[in-house]
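This report concerns only the one structure given below.
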Amino acid sequence: ALVLFFAILGLVHPVGAAAFATLVAIVLLTWLLASTLGFLISTLFRQLREIWPIGNVVFSSLAILPPLFYPIAALPGNYRWVAFLAPSTFAGQLADWSVGLGGTPITPPWLGSPVVELAGLVGATVLFALAATFLARWREH
């Protein structure tokens, strides 16, 4: 699926080697972030029927509400910072920067810089990995 995605991206919006490498890194960090969060959540419940509603809430919070499928400019200017409460916003904004689509003004201004967005994505990934490492409930049955 990723090969197809990158092939289509190359046809629609050609990117250089640095942007391509950045996009691959963003995809890998986002995959690790989601995997560690999913693992942690799965260890907190005993029955599958208890997990699926939580999965819907987490998916909606991390993938649908943040500006991933729409530009962050669609949010009111003074409230764009709220989108950064979801770590997936860092990934989306960083991907925009890597292909030359970044630069939407965000209040506070430092929050919209690629360095802060990279730090936010890496920080959230490390935080979720540590949470999965230390908070997961291991069971024998």
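The values are calculated or read from the model by the stated rules, or taken from the named source; none is laboratory data. If you're wondering where the values come from, they're calculated on a predicted model, not measured in any experiment. FYI the Cβ positions are ideal-geometry reconstructions off the backbone, even for glycines, and counts take in every protein chain you see. Accessible surface is based on the protein model in full, side chains and every heavy atom, while ligands, DNA and RNA are left aside. Shrake-Rupley method; radii C 1.70, N 1.55, O 1.52, S 1.80 Å.
Residues of the stretch 96-126 that are part of a loop (DSSP other than H, G, I, E, B), open to solvent by 60 Å² or more (accessible area, probe 1.4 Å) and of a type in the set (Val, Ile, Thr): 107 alone. Among residues of the stretch 127-139 that are closer than 12 Å to residue 42 by Cβ and assigned to a helix (DSSP H, G or I), none has a beta-carbon under 7 Å from a residue that is at pLDDT 95 or above and of a type outside the set (Ser, Thr, Tyr) at least six positions away or on a different chain. Just one of the numbered conditions (1) of a type outside the set (Gly, Ala, Ser); (2) modelled with pLDDT of 85 or more; (3) out of contact with any Ser or Thr (no Cβ under 6 Å at 6 or more places or on another chain) is not true of residue 62; which one? With (1) of a type outside the set (Gly, Ala, Ser); (2) modelled with pLDDT of 85 or more; (3) out of contact with any Ser or Thr (no Cβ under 6 Å at 6 or more places or on another chain) applied to residue 62, the lone miss is (3). Residues in the stretch 25-34 that are open to solvent by 50 Å² or more (accessible area, probe 1.4 Å) and without any contact (Cβ under 8 Å) to a residue 12 or more places away in the chain: 28, 31.
You will find that of 37, 48, the residue that is at pLDDT below 85 and either open to solvent by 70 Å² or more (accessible area, probe 1.4 Å) or within 18 Å of residue 124 (Cα to Cα) (or both) is 48 and no other. The single condition among (1) under 22 Å from residue 139 (Cα atoms); (2) modelled with pLDDT of 90 or more; (3) of a type outside the set (Asp, Glu) that residue 42 does not meet is (2). Within the stretch 59-74, the set of residues being open to solvent by less than 40 Å² (accessible area, probe 1.4 Å) and either outside any helix (DSSP H, G or I) or without any contact (Cβ under 8 Å) to a residue 24 or more places away in the chain (or both) comprises 66, 67.
Note on the stretch 127-141: residues that are of a type outside the set (D, E, K, R) and loosely packed, with under 14 Cβ neighbours inside 10 Å amount to 6.
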